[in-house]
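Below is one structure; the comments refer to it alone.
The values are calculated or read from the model by the stated rules, or taken from the named source; none is laboratory data. The structure presented is a predicted model; accordingly, all values stated were derived computationally and were not measured. Here the Cβ is made from the backbone with ideal geometry for all residues, glycine too, and neighbour counts use every protein chain on show. Calculation scope for accessible area: heavy atoms of the full protein, side chains included, ligands and nucleic acids excluded. Shrake-Rupley method; radii C 1.70, N 1.55, O 1.52, S 1.80 Å.
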Amino acid sequence: MISKLAKAQESWFFKIIFAGVAVSFISLFGVTGYISSASQNQTVVNVGGLKTSQSAFSYRLNKEVSAIRNIAGDDFDLTEEMQNAVAENILKQIIDESVLDKSMMKNNIHFPKAFIQQILFSRPEFQNPLNGQFNPEAFRRFLSTSGMSEDDYVAMIRRLLARKLLITDLVEPINVPSTLVNAINKMDNQRKSFKYVLISPENVKIERQITDDEVMQYYTDFGEQFMIAEKRDVNVLYVPNDVILKKYVLTDDLVKEYFESNKKDLDQPEKRNVMQMVFLNKETAEDAYNQVKSGADFIETAVKLNAENANEPTLGVVEYDELAEGLADKTFELEVNTPELIEVADSWQVIMVKEIVPAKEANFEELKPEIERILSEENLYDALRDARAEIDDATNAGQTLDEIAKNFGTEVIEIKGISEETLIDNAPEKIANIVKSLDFNENVFSYGLDEISSAEEFDEGIAVISVKNIIDAHMPEVEEIRDEIIKLWTAQEKNAIAKETAENIVIDIEDGSDINDAAKARNLETYRSEPISRNETFAGLSASDISDLFLAELGNVKIYEKQGNNFVIAVLSETIDYVSNEADEQSLSEVEARARNSMVSDMIENMLKSYANDFKIEVDYRRAGFSE
């Protein structure tokens, strides 16, 4: 078995395995509040005694959620149906993994640690590109990136190997009968033409007008969707980060103090632009030295004599402290364009100074912008904390926002008409980003009239909010929204008529009427598609719709409801076979490969199910977070 697996390691199967080894199903939601933190050790999945706890199930959800949040954001809205679908998929993964683990135990399949290690060490992505040896750091980075532990990775490899032995190797040698290949090829090349009718609410004519009573009824029944949301007017004290930094960090005294304290580090020492050739052989190094000393080009000599660093024979511009002991002294004693041969460690080196950059004493005015940047990065957090504390102390002491703004050299901004449902888009430019944030809206609606919020941090500064006016949510008068009600009623009437018309046409055809007559009776046009294959479409039908249509027999009617309550009613008109008796070999080969892949996929799924039948499988959906 081990020798067989060792050969398989070089196969396409392993290339596919390791190409996608870190890919897992990414859940689309956070699990905070989705699964109770209580009783986390209770079993969610039990496969023949192999149990998965509630905490392990929760961990798999939590591990995956961060990836999707980076893409979709924290505010991604997830329906209960989507939550259940994601949870079901993860449960299926756990069951499949447990079935493989139990099947390995039952069939006494064991993969020695040394064999797993051999696979791990052979992977190029875990090897040092310089020497081809296994690089533990690369492996640790992979585990960190994929959110796996070493035990998780080893378990995954064992399952992939077991899947190959127990399932894949048994089904992949499958042969597809030539009769089936020819039948599929015939179906692929078969073309069909369809008669169809399009029914769209846009084209529906309403024979009557809405009555006043119906307007009032709609106002009563659907009034909530016309509700005018609560709106608020607020005063905002906004203190930008740069103002805060200038007040607490970037004072002239603090900047000067930093300069004086770090002057030694800020002074620029002498630097030298150094050329370097490295050789392991002394004789070759002496030859290179003599050639350069005689006027030969340094870089050309390095390439010609195959220096170890021939691709880049230079150290660049370096300081004394950046060079190794022995090399530094010689380098900084040399005159410009004077080569020197020295021994460094186990190598012989030819060095030559191309340029000397003199030492330079630090200048305060030149370095002031950079010092301010450093101080800003290092002290912004503390400055924001101090500013918040000062502002909160001032509001608690009874100071107004205008008084606090004056102390910070800024001003209070008035913003009107803020709603919980929509973010404000007409705020002054300097606070536009803050006002558009959900945190800002939440603060606005967290305080009562004339209350002042605490100082809150945003990406660009600190904001304090005072609520000055509240306009409660209210229903508009019926006449104010009569046009909107009529628009809503008209759309619903058209949708209802379109649906009724489509259903009646289908009934007529099923009762024996021709589609042309059924459409004409309702002043609708009948269309006919060009002969199409299974891979083509018409009238906006999806691939699954076309597949369904191709299964329909002559006389059968199909109806498809598309987006916007649009309907397509279709019947088979003509079937055309284009396949000759002598299909080309390449086409048949492609059909055979496609058929084999499909059959292998189905057989793999069925074999996994057959192994699962050997064990009692229990799933507690309630503990997995399902409400029912």
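The table that follows gives values for the structure above.
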quantity	calculated
Residue count, the range 308-322 (criterion: touching a Phe, Trp or Tyr at 6+ places or on another chain (Cβ under 8 Å) and not in a helix (DSSP H, G or I))	2
Candidates 577, 602, filtered to the one that is open to solvent by 40 Å² or more (accessible area, probe 1.4 Å) and modelled with pLDDT of 85 or more	602
Qualifying position, being among the acidic types (Asp, Glu), within 43 Å of the chain's Cα centre (by Cα) and not in a strand (DSSP E or B), among 233, 213, 242	242
Residues satisfying the stated conditions in the range 225-266, i.e. within 22 Å of residue 424 (Cα to Cα) and of a type in the set (D, E, K, R)	230, 231, 232, 233
Every residue from the range 440-479 that is loosely packed, with under 12 Cβ neighbours inside 10 Å and part of a helix (DSSP H, G or I)	442, 479
One residue from 308, 319 being open to solvent by 90 Å² or more (accessible area, probe 1.4 Å) and touching a strand residue (DSSP E or B) at 6+ places or on another chain (Cβ under 8 Å)	308
Residue pairs meeting the criteria (Cβ under 8 Å; at least 6 apart or on separate chains; first under 12 Å from residue 272 (Cα atoms), in the range 328-355; second open to solvent by less than 70 Å² (accessible area, probe 1.4 Å) and assigned to a helix (DSSP H, G or I))	351/327; 351/331; 352/292; 352/298; 353/331
Residue list for the range 223-247, filter: charged (D, E, K, R) and open to solvent by 30 Å² or more (accessible area, probe 1.4 Å)	224, 230, 231, 242, 246, 247
Cross-chain or 6+ apart pairs with Cβ under 9 Å, the range 426-437 first and over 15 Å from residue 458 (Cα atoms), then part of a loop (DSSP other than H, G, I, E, B) and at pLDDT below 85	427/436
Residue 404 vs. criteria surrounded by 13 or more Cβ atoms within 10 Å (Cβ to Cβ) and touching a Phe, Trp or Tyr at 6+ places or on another chain (Cβ under 6 Å)	no
Tally of residues being more than 19 Å from residue 574 (Cα to Cα) and either part of a loop (DSSP other than H, G, I, E, B) or among the small types (Gly, Ala, Ser) (or both) across the range 526-560	4
The range 397-408, residues that are assigned to a helix (DSSP H, G or I), free of Cβ contacts under 8 Å to residues at least 12 places away in the same chain and touching a strand residue (DSSP E or B) at 6+ places or on another chain (Cβ under 9 Å)	402
Enumeration of residues in the range 206-222 that are at pLDDT below 85 and either open to solvent by less than 50 Å² (accessible area, probe 1.4 Å) or touching a Ser or Thr at 6+ places or on another chain (Cβ under 9 Å) (or both)	none
Residue match in the range 51-70 (condition: at pLDDT 85 or above and open to solvent by 50 Å² or more (accessible area, probe 1.4 Å))	yes
Leading residue by the ranking (most open to solvent (accessible area, probe 1.4 Å)) among those in the range 248-278 that are of a type in the set (Lys, Arg) and at pLDDT 85 or above	256
Members of the range 323-350 that are among the hydroxyl-bearing types (Ser, Thr, Tyr), outside any strand (DSSP E or B) and surrounded by fewer than 19 Cβ atoms within 10 Å (Cβ to Cβ)	338
Of all residues making up the range 502-518, the number that are open to solvent by less than 30 Å² (accessible area, probe 1.4 Å) and within 14 Å of residue 198 (Cα to Cα)	5
Test: residue 314 is over 30 Å from residue 374 (Cβ atoms) and either in contact with a helix residue (DSSP H, G or I) (Cβ under 6 Å, 6 or more places away or on another chain) or of a type in the set (S, T, N, Q) (or both)	yes
When residues of the range 279-305 are limited to those that are part of a loop (DSSP other than H, G, I, E, B) and small (Gly, Ala, Ser), the one least open to solvent (accessible area, probe 1.4 Å)	296
Those residues of the range 156-201 which are among the small types (Gly, Ala, Ser) and open to solvent by less than 40 Å² (accessible area, probe 1.4 Å), in sequence order	162, 193, 200
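Each row is one residue, and each column tells you yes or no for (1) in contact with a helix residue (DSSP H, G or I) (Cβ under 8 Å, 6 or more places away or on another chain); (2) open to solvent by less than 90 Å² (accessible area, probe 1.4 Å); (3) not in a strand (DSSP E or B).
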residue	(1), (2), (3)
352	yes, yes, no
388	no, yes, yes
391	yes, yes, yes
410	yes, yes, yes
